[in-house]
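A.B. asks: Can you keep this structure in mind? I'll have questions shortly.
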Amino acid sequence: AWSIINENMFPGNTKSSVNDIPDMSDKVVLVTTGTAGLGKRLQEFVTLQVLLTKSTQVWITPHDKSKGEGTLWMLKSVNGEDAYLLFMDPANLKSIKAAAEEFVR
């Protein structure tokens with residue numbers, strides 16, 4: 001996940017670092033993941049941490065409420081920053097629609 005951010009923010013520059021990312025306080029990021037092992041997948045977790053340290057508003061869409069809350073707790077305990085949860089079932093179009101409507105509010 002960090003490599004995707006790196007490639008998009010610094011095309012052609014392979015020597016960039018987290019310190020090169022500007023303040024992102026006017027950005028909103030929606031991470032569509034089931035959080036199945038999110039805290040265990042270090043690269044994704046570090047990406048969420050980096051986004052939070054850059055003042056980005058981060059939303060996570062877990063399939064499981066307790067796993068989502070656990071991920072938020074881990075992020076808060078490591079960063080001291082808040083992310084947001086948006087629950088949805090990716091196999092249920094009504095659930096996706098409701099989540100999208102909540103997100104744009």
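A.B. asks: Considering only protein heavy atoms, with the full assembly of protein chains and a 1.4 angstrom probe, order Ser95, Ser55 by accessible area, largest first.
C.D. replies: Greatest to least solvent exposure: Ser55, Ser95.
A.B. asks: How do Lys27, Lys94, Lys54, Lys65 rank by accessible surface area computed with a 1.4 Å probe, from largest to smallest?
C.D. replies: Final ranking, largest accessible area leading: Lys94, Lys65, Lys27, Lys54.
A.B. asks: Quote the accessible area belonging to Asp64 in square angstrom, nearest 10, computed with a 1.4 Å probe and with ligands, DNA and RNA left uncounted.
C.D. replies: Accessible surface of Asp64 is approximately 60 Å².
A.B. asks: While we're looking at this one, here's another question. Students often forget the sequence filter, so: which aspartates and glutamates lie under 20 Å Cα-Cα from Lys76 once same-chain residues fewer than 8 apart are removed?
C.D. replies: Of all the aspartates and glutamates, those that pass the test against Lys76 - Cα under 20 Å, at least 8 places apart if same chain - are Asp23, Glu44, Asp64.
A.B. asks: Return the long-range amide H neighbours of Tyr84 (sequence gap of 5 or more, or a different chain), with a cut-off of under 5 Å between placed amide H atoms.
C.D. replies: Under 5 Å from the amide H of Tyr84 lie the amide H atoms of Val58, Trp59, Ile60, each far enough along the sequence or on another chain.
A.B. asks: Just to be sure I understand the model, the point goes 7 Å from the Cα along the line to the Cβ. What's the resulting Tyr84 to Lys27 distance in nm?
C.D. replies: 1.7 nm
A.B. asks: Step through the residues of the stretch 56-73 one at a time and calculate ³J(HN,Hα) from phi using the Karplus curve (6.51 cos²θ - 1.76 cosθ + 1.60, θ = phi - 60°), rounding each to whole Hz and writing x for Gly and Pro.
C.D. replies: Calculated HN-Hα couplings, in order: 7, 7, 10, 10, 10, 10, x, 7, 10, 4, 5, 5, x, 5, x, 5, 4, 4 Hz.
The values are calculated or read from the model by the stated rules, or taken from the named source; none is laboratory data. Keep in mind it's a predicted model, so treat the numbers as computed, not measured. Cβ: placed from backbone, ideal geometry, glycine included. Neighbour counts: every protein chain shown. Surface areas here come from the heavy atoms of the whole protein model, side chains and all, with no ligands, DNA or RNA. Shrake-Rupley method; radii C 1.70, N 1.55, O 1.52, S 1.80 Å.
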